[in-house]
Amino acid sequence: MNEQHSKWQTREIAETFVEGVRGAIPGAKLQLEVISKIINAWCPQPSRILDLGCGDGILGRMLLEEYTEARVIFADFSDPMLEKLRIKIGDNQRAKVINADFAMSDWAKGIESEKPFDIIVSGFAIHHQPDERKMELYAEIFCILRNGGIFLNLDQVSSATPSVNELFDSFFLDYIRRFHENAKLNVTMQEIEDAFFQDKKENIPAAVEEQCQWLRDIGFQDVDCFFKTFELALFGGRKTSNHSIQADVAAPRR
């Protein structure tokens, strides 16, 4: 495919997301609880964890705190987000921050010495990629997981119809407005809405059922959607066999 560097996350969008959106994500606490439950059941003693597209590292920071023997690698292409992450993790010796643009096929070179991983998590990052790149990235993730390793993707997925899409927009923005009523923020509600709709305009999410099938085709087992509220979904699976993936990943089915 024709690769393009990720460009969407400017400093302004990073600030808007962290300050005005992150705290308002519906079901955020439950999403983290479900991630923790899955990992405790399938891989209770991870030693290597990768937070891919970490933003300010909310998923990886939770796992860094919960699994006190594990080493956590945080990888993202957004310098503004990585700056916020470094402040939050401080000088924790079990954490390593890497600038990696996973829109590019060579993104994993920077973590070559850290693989294989027991856990790979991603939060609201992969949906920005074209379907073809999503499939390639899922295959690349499969390759750097150890046998028995888990991949969990907390992300935005497409609605079934335009009407449901409108319902989600209203639902999400209502949460953001209520969040703003209780917080003193450096961004206005208008800035939040502008960023939200601009992001949706540039977004290219796929249906969660379709993406789960891509994971199965690659070789992931126990694949499921573990949590879904409108367009917010947690899905993934685990690598439980040693068979290799096909070199040529099939084109996305529409």
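Taken together, the values in this text are just the output of simple stated rules run on the coordinates, not laboratory data. Remember, it's a predicted structure, so these values are computed and weren't measured experimentally. With ideal geometry, Cβ positions are generated from the backbone for all residues, glycine too; neighbour counts draw on all protein chains shown.
In terms of packing, defined here as the mean over residues of other Cβ atoms within 10 angstrom, the peptides 64-71, 32-39 line up highest first as 32-39, 64-71.
A simple spin-label model places pseudo-atoms 7 Å from Cα toward Cβ; at Asp106 and Lys29 they are separated by 4.6 nm.
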